[in-house]
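Peer 1: Before anything else, here's the structure in question.
Any read-out appearing in this document is the output of simple, stated calculations on the displayed coordinates, not a laboratory observation. From a predicted model like this one, the values you see are computed outputs, not experimental measurements. All Cβ positions, even for glycine, are placed from backbone atoms using ideal geometry, and neighbour counts span all protein chains on display.
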Amino acid sequence: MIRQTHFYHLQTKWIGNLGSGTKNYRSYARNYTINISGKPPIYGSSDPSFVGDATKHNPEELLLAALSSCHMLWYLHLCAEAAIVVLDYQDNAQATMIENTDGSGFFKEVVLNPTVKVADESMLSIATKLHEKANQYCFIANSVNFPVHHQPVCTVFST
């Protein structure tokens, strides 16, 4: 059952014309900006494997970042509702992409590795279980056609 529909808008602008456009494969830069009203621009390029600028974000990294941050935000929300006090959260997310011989490709899987620190030992069991529920609610995870795995580690915060 649909409760509400949300719309998002941004502008992606190629800024890689080096003077002769796409005259040939090496004649242009893969640089672009993502502009969202009221926010600083995101500077991107293709992965260096595809003649991109390694100092800029690439679409593959941004997809992984979207999955990781969506999971985190849902997880924190669910913890707050369950009276689980999270004091620290970090995710060392990983993605595996397969490139086909024709140049196309696809993401094979993503593994999120969240390390969570909670306020009290009594919170550890529920804190760990809530990662499964966060995955079920994550808008981005629900929109991709590859598995998003979780290997959470939950510990008690110590000063």
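Peer 1: Within the range 140-159, name every residue whose backbone N is under 18 Å away from a label modeled 7 Å from Cα of E121 along the Cβ vector.
Peer 2: Only 154-159 pass the distance filter.
Peer 1: For the range 52-61, in order, what is each residue's ³J(HN,Hα) by Karplus, 6.51 cos²θ - 1.76 cosθ + 1.60 with θ = phi - 60°, in whole Hz (x at glycine and Pro)?
Peer 2: x, 8, 5, 8, 10, 5, 10, x, 5, 5
Peer 1: Lys/Arg Cβ at +1, Asp/Glu Cβ at -1, dipole of the range 1-107 taken about the Cα centre: which of N92, V51, N35 is farthest positive-ward?
Peer 2: Checking the options against the dipole of the range 1-107, the answer is N35.
Peer 1: Given R₀ = 41 Å, what would the calculated FRET efficiency be for L18 paired with Q151, taking r from the Cβ atoms and rounding to 0.05?
Peer 2: FRET efficiency, L18 to Q151: 0.45.
Peer 1: Please report R30, R3 as a ranked list, fewest other C-beta atoms within 10 angstrom at the top and most at the bottom.
Peer 2: Exposure proxy ranking, most exposed first: R3, R30.
Peer 1: Whole-Hz Karplus ³J(HN,Hα) for the range 74-85, in order, using 6.51 cos²θ - 1.76 cosθ + 1.60 and θ = phi - 60°, x for Gly and Pro?
Peer 2: Rounded to whole hertz, the list is 5, 4, 4, 4, 5, 5, 4, 5, 8, 6, 9, 8.
Peer 1: What is the fewest-to-most order of L10, L63 by other Cβ atoms lying within 10 Å of their Cβ?
Peer 2: L10, L63
Peer 1: Given the pairs K13/K117; K108/K133; K108/K129; K56/K108; K13/K108, which span a C-alpha to C-alpha distance of over 30 angstrom in this model?
Peer 2: Pairs exceeding 30 Å: K13/K117.
Peer 1: Let me ask something else. Collect residues whose amide H, placed 1.01 Å from N in the peptide plane, falls under 5 Å from the amide H of E109; neighbours closer than 5 in sequence don't count.
Peer 2: For E109, the qualifying residues are T96.
Peer 1: Nearest 10 degrees is fine. How inclined is helix 124-137 to the longest principal axis of the chain, computing both from alpha carbons?
Peer 2: Between helix and principal axis, roughly 40 degrees.
Peer 1: Under the Karplus relation 6.51 cos²θ - 1.76 cosθ + 1.60, θ = phi - 60°, what is the ordered set of whole-Hz ³J(HN,Hα) values for the range 95-108, x standing for Gly and Pro?
Peer 2: Per residue, the Karplus-derived 3J(HN,Hα) values read 10, 10, 10, 9, 9, 7, 4, 7, x, 6, x, 7, 7, 7 Hz.
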